[in-house]
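Working notes, beginning with the structure itself.
Coordinate-derived values only; no laboratory data. Small disclaimer: the values here were computed from a predicted structure and weren't measured. No Cβ is skipped: glycine too gets one built from the backbone with ideal geometry, and neighbour counts run over all protein chains shown.
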Amino acid sequence: MSRKFKVWLDSGANIHSKYETEVDLDTLGITSEDWDNMSEPEKDKAMRAIAFESSDWGYTEETESEQ
């Protein structure tokens with residue numbers, strides 16, 4: 001059985017701003033042994049990618065006529 005993790009991203013904007021999902025190591029393509037051998041920054045990077053995969057952000061450049 002693969003180890004499961006709950007991953008979330010919450011902008012804090014309102015009660016609906018929290019995205020939450022569950023993933024397991026099989027889905028990530030990481031063995032339990034590899035996970036145990038990863039550093040905390042490596043684990044953070046892997047989970048951060050999951051958390052931000054569904055977030056929406058962007059920017060647009062305003063033209064002078066829009067200002």
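Can you tell me which aspartates and glutamates have their Cα less than 16 Å from the Cα of residue 18? Leave out same-chain residues fewer than eight positions away.
Correct list for residue 18: 10, 53, 56.
Of the chymotrypsin sites (Phe, Trp or Tyr not before Pro) in the chain, which ones lie in a loop per DSSP and count no more than 15 other C-beta atoms within 10 Å?
Counting only loop positions with at most 15 other Cβ atoms within 10 Å, the chymotrypsin sites (Phe, Trp or Tyr not before Pro) in the chain are 57, 59.
When the chain is fully extended, how far beyond the present Cα-Cα distance does residue 57 get from residue 6, taking 0.36 nm per residue of separation?
16.1 nm
Under the rule of -39500 (n - 2.57) per DSSP H run of 4 or more residues, summed and divided by the residues of the chain, what mean residue ellipticity at 222 nm is obtained, to the nearest 500 deg cm²/dmol?
Helix-only estimate at 222 nm: -9000 deg cm²/dmol.
For the chain, find the longest principal axis of its Cα atoms and tell me its angle to the long axis of helix 40-52, 0 to 90°, nearest 10.
In the chain, helix 40-52 runs at an angle near 50 degrees to the longest axis.
If exposed means no more than 10 neighbouring beta carbons inside 10 Å and the site is in a DSSP loop, what's the longest run of the chain without any exposed GluC sites (Glu not before Pro)?
1-60
Per 5 Å bin, what percent of the C-alpha pairs of the chain does each bin hold, from zero upward?
3, 13, 20, 19, 12, 10, 9, 5, 3, 3, 2, 0
What is the distance, in nm, between label points placed 7 Å from the Cα along the Cα-to-Cβ direction at residue 18 and at residue 34?
3.1 nm
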